[in-house]
1. When N is the residue count of region 316-467, what does its C-alpha Rg come to as a fraction of 2.2 N^0.38 Å?
2. Over its Cα atoms, what ratio of radius of gyration to 2.2 N^0.38 Å does region 296-405 give?
3. In percent, what relative contact order does region 316-467 have, based on Cα pairs under 8 Å that are 6 or more apart in sequence?
4. Could you compute the FRET efficiency for Tyr298 and Ala95, with r as their C-beta to C-beta distance and R0 at 35 Å, rounded to 0.05?
5. Counting Lys +1, Arg +1, Asp -1, Glu -1, what net charge surrounds Ile157 among other residues with beta carbon under 12 Å of its beta carbon?
6. Starting at the first residue of region 307-324, write each ³J(HN,Hα) from the Karplus equation 6.51 cos²θ - 1.76 cosθ + 1.60 with θ = phi - 60°, in whole Hz, x for Gly and Pro.
7. Evaluate the distance, in nm, between pseudo-label points positioned 7 Å from the Cα of Glu418 and of Glu321 along their respective Cα→Cβ axes.
8. Sorted by average packing, counted as other Cβ atoms within 10 angstrom per residue and highest first, what order do 178-186, 372-380 take?
Amino acid sequence: MAGKQFPSLAHARPASASSRRLVAVAALLILLAASYFLLLSPSSPRPTPAVLASPSATTSFLASLDSFLAAPRPSASPAATPGDLDAAIRAKEEARLYGEPGSAWPAAAGPLRVYVYEMPSKFTYDLLRLFRDSYRETDNLTSNGSPVHRLIEQHSIDYWLWADLIAPESQRLLKSVVRVLRQEEADIFYVPFFTTISYFLLEKQECKALYRVWEHISRFNFQKVFALGHPHGQTSVYEALKWVTDQPAWQHSEGRDHVIPVHHPWSFKSVRRFVKKAIWLLPDMDSTGNWYKPGQVYLEKDVILPYVPNVDLCDSKCVSETQSKRNILLFFRGRLKRNAGGKIRSKLVAELKGVEDIVIEEGSAGAVGKVAAQNGMRKSLFCLSPAGDTPSSARLFDAIVSGCIPVIISDELELPFEGILDYRKIALFVSSSDAVQPGWLVKYLRGIDAKRVNEMQSNLVKYSRHFLYSSPAQPLGPEDLTWRMIAGKLVNIKLHIRRSQRVVRESRSSCTCECRVGNTTRML
């Protein structure tokens, strides 16, 4: 390894001049032989690049949003809801089950069919315009020290999914999901409400006092909350909630086949208990109860999605070019004091402060912080990814796209798309109890051999495509993997919908079989 030498990661001693000449001659002979056989053999397909992205694709939220809002609105119009939606759904499901051509069921035999609600503009386009028109003014507006506009951007998964679903089919690249315009044909229903924008730019800032009053009232009288309307003519989560729960498809399934983006841990918080049967798109699952109430979130129902990275992609060329500059053993830049599981950060600072080859810095996710974090990660072999206020942290995904091997210290962490991706190939997992032992973490990292480091760096280049939201959405990107994860839940969703429709109300209304296994972290 070039750059600064670490004990077990250093190069071997250079060979003698005569040895180098012999190696060069042997390499030349092998090259000539290989060229000869390639000329004689039939042409074969080129290897697939590690990151496949359309040259016209953009991963910038702001650039994509500007183009989206400037373009004409998609013209596809959903069909009217059948008078008897239950009967129409049963007829379609039976046709699929008994072999209607082109209608295989479940969706694993074809693309996932998603019905996208046409919600009023104040829940969708108006909220996006509010962010677009005001984000420059929020540069100095902070929440717990982090710029509000950046918090919205890193939780903008709702925008990326919706923009892809409603795009003209000729512009879409994903084959795992297709939009349908008839509710009876849908496997899943998508609710396009921008909960993070609503929370930070409406509820939290301008309506905070009244929002708390509503939250208090809602504990006692759900209908009374709906009757209040929204303050000062602004959009509220309660209006959005009423609009969705009034839909026949929601009432048919009690929301079990509805997807709701709840990617910021504060968003939709006051009304979550009314939509807890829906599929939530989450940043993590905090089993401690600090952010989600018991029974609201679990892996069998919900899907974990990655944060939008705050740094630019370091592709294979970048990783190769920065290899000689990675002279920092372990890097961290972020808030050094956090609550809940994030208290581990202050302990790690005390343990690692002043250690050679380790950089620990206080910082936030603003423009200056982005540059500092990006530069630091591209100079480092390992990037520390401890728990924050929640088990997850955007820093994990910044490290992945920077070619910096994440060192995850978060015992309650659940990871995006883990039914598809094996994180052991790209990250190290360390328990909190081990990490704070004097000298333990530094000794562990210095003991990792160069071969394993190189393999993990190569895997990071290959895996980075799974964490880059883009327009248009790319195959095997996070949008694609989201729908693949949901497709894998379809049979279980149908089971619970049908069971709820026939269970006698006086009998047990929920399964008593508890098969959820607690999350425990082992060192890997």
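Read-outs: derived from the displayed coordinates by stated rules, not from any lab. Keep in mind it's a predicted model, so treat the numbers as computed, not measured. Glycine also receives a Cβ, built like all others from the backbone with ideal geometry; neighbour counts cover every protein chain displayed.
1. 0.96
2. Normalised Cα radius of gyration, region 296-405: 1.12.
3. The normalised contact order for region 316-467 reaches 24 percent.
4. Calculated value: 0.60.
5. So the environment of Ile157 carries a net charge of -4.
6. 5, 6, x, 8, 10, 6, 5, 9, 7, 4, 5, 5, 4, 5, 6, 8, 4, 6
7. It works out to 3.6 nm between the two label points.
8. By packing density, highest mean first, the sequence is 372-380, 178-186.
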